[in-house]
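What follows draws every value from the coordinates through simple rules; no lab data is involved. All values derive from a computational prediction rather than experimental measurement. Neighbour counts run over all protein chains shown; Cβ positions are idealised from the backbone, glycine included.
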């Protein structure tokens with residue numbers, strides 16, 4: 001009998017089955033259900049009468065923080081009342097513990113290896129970096145998880161990515177994602193699993209970027225193999241016990257794909273889609289931009305801010321460019337202050353905003369107007385995603401976005417640094 | 001059996017095209033009016049209750065937003081696509097939109113032809129060409145939710161949420 005992949009093992013554990021395989025329908029216990037400010041919008045919410053277990057719920061306001069309008073303010077007030085009614089301990093309101101849910105879950109290591117985590121946001125797969133079976137579900141699904149403590153998954157086949165080598169300087173996990181999306185396209189109904197000899201050299205932030213962006217591959221689950229670096233990270237932040245899950249040696253994969261990180265070059269996704277839409281930066285270099293954005297659950301990490309600061313250090317952004325930087329959590333913001341990244345970015349002309357999903361979903365803090373062009377290190381470049389549908393959104397790494405802000409047009413970090421990068 | 005007139009869409013149709021970000025806070029009626037406004041303006045005035053959408057690969061990629069609900073509210077009788085994003089499929093279950101994956105569907109239909117869907121054996125027939133296709137079966141529990149109005153009525157019956165929306 002063939003072995004199981006990481007998510008199959010987690011599903012088996014949480015469904016009480018000995019074995020789970022592709023094609024199965026699994027009803028699983030949920031270890032953590034994360035609710036957002038969007039869960040409490042007056043036009044969308046339902047009034048919850050009982051919860052399954054308040055210690056298996058976290059409430060994290062992130063899409064519209066601080067409240068951007070009357071509707072979000074009302075949703076926040078209603079959410080605070082929900083937190084009081086059910087005694088939710090893990091609550092992240094506007095304040096020093098504010099942040100984008102997937103990033104808060106990472107900062108605090110709420111996402112424990114080997115567990116099931118759900119949230120009504122599509123980029124919940126970001127917690128796959130922590131060896132979680134984590135995925136975005138719908139708002140009604142989330143209410144079921146909160147009230148019943150369970151959810152369902154259709155078990156898909158898994159594509160295994162074996163990563164080897166090491167990223168060159170100026171190349172980031174975002175470029176790895178753009179390479180995967182460009183080379184292999186969508187992964188609808190499939191899981192992706194990441195492992196291989198490159199893992200120890202790949203930071204937790206980089207893994208989070210890759211896991212978060214797997215939503216854009218249309219992957220069901222995106223899960224990293226656990227290693228010492230991950231386990232140490234979690235133990236430093238969360239005292240709760242956990243059992244990491246490794247794939248069986250004879251796990252059945254639909255396909256194994258080798259990716260040599262040494263060979264990855266900076267890429268840009270052209271507007272409207274990331275599926276088979278990546279080109280080398282040089283191909284679009286010179287395209288004028290009005291906005292450059294670095295942020296979101298995928299690219300608001302400390303490593304992303306460090307990379308952006310490295311590129312812009314001692315330089316000024318081009319006239320006519322709005323360079324917006326949104327740290328993913330206030331904790332990341334504080335750390336970036338201590339490291340001097342925020343000063344460097346602001347001296348270059350960046351506007352640094354509080355932690356929020358903000359501009360990434362066209363909500364607030366950097367919405368695009370008609371006909372504008374933006375280069376973004378965030379999650380999506382769909383038509384109309386960040387504002388007016390006539391705006392063009394290119395997607396790239398934080399380094400490429402920062403270099404473009406300096407140049408006033410799409411540019412590679414190498415080029416703006418005179419080849420010094 | 002369900003039958004309806006087909007509207008065709010391509011690959012990678014994303015949630016933001018069905019439910020644009022600025023409408024996230026606007027309520028169901030306004031959301032319904034905005035479906036495909038960026039890629040096919042005016043379509044909401046042409047589509048009729050009972051019509052069927054035929055899509056390509058990776059239909060519904062993107063956000064967890066309730067885009068499937070907007071299609072249901074327009075009266076779409078079924079979504080038939082080569083493949084459907086897993087999160088969009090969940091919301092089809094959640095909000096009671098019949099959604100089936102059906103390999104070969106995109107080539108088998110021209111816009112305006114009539115599709116007949118049988119849930120007894122998960123087949124789709126083109127009434128105009130008589131082409132017959134096999135759809136991927138759906139677990140009974142999920143199919144029941146899809147055709148009986150989605151998940152909220154179930155949670156209401158279980159006494160887990162209040163029967164009416166938007167209290168407070």
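Between B:13, B:147, B:76, where does the largest GNM mean-square fluctuation fall for chain B, given springs only between Cα atoms within less than 10 Å?
B:147
Taking the 0 to 90 degree range and rounding to the nearest ten, how far is the long axis of helix B:86-95 tilted relative to the main principal axis of chain B, both from C-alpha atoms?
70
How far apart, in nm, are two points set 7 Å out from the Cα along the Cα-to-Cβ line at residue A:47 and at residue A:1?
About 4.9 nm separates the two model spin labels.
If R₀ is 25 angstrom, what is the calculated FRET efficiency for the pair residue B:110 and residue B:148, using the beta carbon separation as r and rounding to 0.05?
Here the calculated transfer efficiency is 0.20.
What's the whole-number percent of alpha carbon pairs in segment A:154-264 lying beyond 23 angstrom?
28
Calculate the length of the line joining the C-alpha centroid of segment A:310-341 to that of segment A:15-94, in whole Å.
31
Could you check the spin-label model distance between residue B:156 and residue B:127? Points 7 Å from the Cα along Cα→Cβ, value in nm.
3.2
Based on the mean of other Cβ atoms within 10 Å per residue, sort peptides B:46-54, B:61-69 so the most packed one is first.
Going by the mean number of other Cβ atoms within 10 Å, highest first, we get B:61-69, B:46-54.
So how do B:152, A:110 line up by other beta-carbon neighbours within 10 Å, fewest first?
Fewest to most other Cβ atoms nearby, the residues stand as B:152, A:110.
Once label points are set 7 Å from the Cα along Cα→Cβ at both residue A:89 and residue A:169, what is their separation, rounded to one decimal in nm?
4.5
Give me the inter-chain shielding for B:87-97: mean count of other chain Cβ atoms within 10 Å, whole number please.
5
Packing-wise, with mean Cβ within 10 Å as the measure, how do A:214-221, A:252-259, A:203-210 rank, highest first?
Result, highest mean Cβ count within 10 Å first: A:214-221, A:203-210, A:252-259.
Computed FRET efficiency, Cβ-Cβ of residue B:1 and residue B:46, R0 25 Å: what is it to the nearest 0.05?
That gives a FRET efficiency of 0.55.
Going 7 Å from the Cα of residue A:260 toward and past its Cβ, which residues in segment A:194-210 have a backbone nitrogen under 15 Å from where you end up?
A:197-198
Given a Förster distance of 25 Å, report the FRET efficiency between residue A:390 and residue B:26 from their Cβ-Cβ distance, rounded to the nearest 0.05.
0.80
Highest GNM mean-square fluctuation, chain A, Cα pairs closer than 10 Å: which of A:195, A:314, A:136?
Highest fluctuation of the listed residues: A:314.
Projected area of segment B:2-157, taken from the Cα convex hull and averaged over every viewing direction, in nm²?
8.5
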